[in-house]
Every structure is written in C-alpha cells, then in structure tokens.
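Accompanying notes for the structure given below.
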Amino acid sequence: MFAMKRSGSRRNVMARTLALSLSVTLLVTGCTADDGATGSGRGPSPSVSGAPGDPGSATSTQESTSAAAQGESSRAQELQGITAYFANMVDCLNEAGYRMRLTPGQLGYEADPAAPSSGSQEAFIAAQAACDKTYGPPPAPAPFTAQEWAAAYPAQVAVVDCLKQNGYPVPEVPTSDAWVQQQVAPPAGVRPWTPYDKVSGPELTEAQQQCPAKDVLEVLAESGS
C-alpha cells in the first residue's frame, strides 16, 4: 500500500512523497526574480515621465498597460499548460493501475483515498517514471512579479491564524512588503519566512495537514489569472 502527492507549483521541488500524510505545499521558492525589483522576468516596465496630458506620458502609460495585459495572458496560458500536464499524468498513472486524482486547483496530483492502490513503492516509481518519459517534467512557470507575490500574502497570514487556532507556535508575521521582497529578491544565505517556522518534526506534518498553505500558483488559479 502506498500513497503520494505531487505538486507542479515549483520546478525544482517536485514532491514524490510516498506517504499521504506528508503534504508539501510550502511557498514557491524555485521561481525567484531575475530582473531586479519586479521579478517579472520581462524587464523593467516603461517609465512614465512628463506632465499630465504630455503625449510622451500617455504613450508610456499605454505601453505599461499593454505589458501588464500581456503578462496576465501569459500567466493564464501557463496555468492552462500546467493543469493539462497533470491531467495527462493522472490519466497515465490510472491506466497503469494506480488510482490518482488531481489536487484542488488541478496544479498537482495525489493518491485517491476513495480507491487506494496496492503494490510496491518501486513499482509505482517505475510507472511514474514511464509517464514522466512520455510527458516530460511539469511546465516551469515564469518568475512571479511582486504584484503576484503580494496577492499570495493573505493566504500565508491565513495559515498563521489557522495554526494559532490549533495551538501551534507561530513566528512573527512580516509585513506584506517585507515578505514580497523576500520572495522577489531572497537575501543570500537566508531562508525565506514561512508560517511553519516554529514547527518541526512530526508536528510539522500534522500542522501542514491541518493548515495547508496555498502557493502563488494556487492563488493565481483561484483568482482566474
């Protein structure tokens, strides 16, 4: 008997967990900024200069609006590609005899508790590897913008509130601006803050089950981005 959960929210941490009790839904850490303050990966937005009514100012504003719209469209296409990838993986594993289902938000897959599969871990890993060979690795999302990270901040605060209600110790919560800055430009040698910083060992697994954290992609998917 085995169970697993796999999430596509970050490329370099693909959770191949063979215990359903371990839910790896921490913050996205594999997609950080590569373009300075915005972390958009598309370069700096056009600057807006000139007085109101100045033709140059209007043009720059229009360019900024257009770039933002293009970014939203690209992110929506990424989300569609990721959900399609995991749907294919679920079908592939089901055909191999392992009952899997998409996770809420369709950004990963997990064992279906209503139809547990039997077999060895080795056999399952081999089946998963075969599906990986067919469909490749999950699509890697582009670096998240500061605005996208900010949209995910309330979800992290909600986890802290949940932990408090369930009697777990909690860390001091950073401001939204400070947390976003940590994600966009992580300080060298410093582990980014998470709601679970005061919990460890078996208690951490329990805390993650009782108070799961939504990552950036999940928040964006729910908002329809």
Assuming R0 = 41 Å, what is the FRET efficiency of LYS198 and TYR135, from their Cβ-Cβ distance, to the nearest 0.05? 0.60
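Taking R0 as 35 Å, what FRET efficiency do you get between THR175 and ALA84 from their Cβ-Cβ distance, rounded to the nearest 0.05?
Efficiency for this residue pair is about 0.45.
Extension gain ARG99-GLN121, at 0.36 nm per residue separation less the Cα-Cα distance, in nm?
Working: separation 22, 0.36 × 22 = 7.92 nm, distance 1.39 nm.
In short, 6.5 nm is gained.
Sort the following peptides by mean Cβ neighbour count (other Cβ atoms within 10 Å, averaged over residues), highest first: 169-179, 98-108. Can you show the working numbers first?
Working: 169-179: 13.7, 98-108: 20.0.
Put in order of decreasing packing, that is 98-108, 169-179.
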Evaluate Rg over Rh across region 108-189, taking Cα atoms for both radii and Kirkwood's formula for Rh. 1.13
Subtracting the Cα-Cα distance from 0.36 nm times the residue separation, let me have the gained length for ASP91 to SER223 in nm, one decimal. 44.9 nm
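Laboratory data are not the source of any read-out in this text; all were calculated from the coordinates shown. The structure presented is a predicted model; accordingly, all values stated were derived computationally and were not measured. Heads up, the Cβs are rebuilt from the backbone with ideal geometry, glycines too, and the neighbour counts pull from every protein chain shown.
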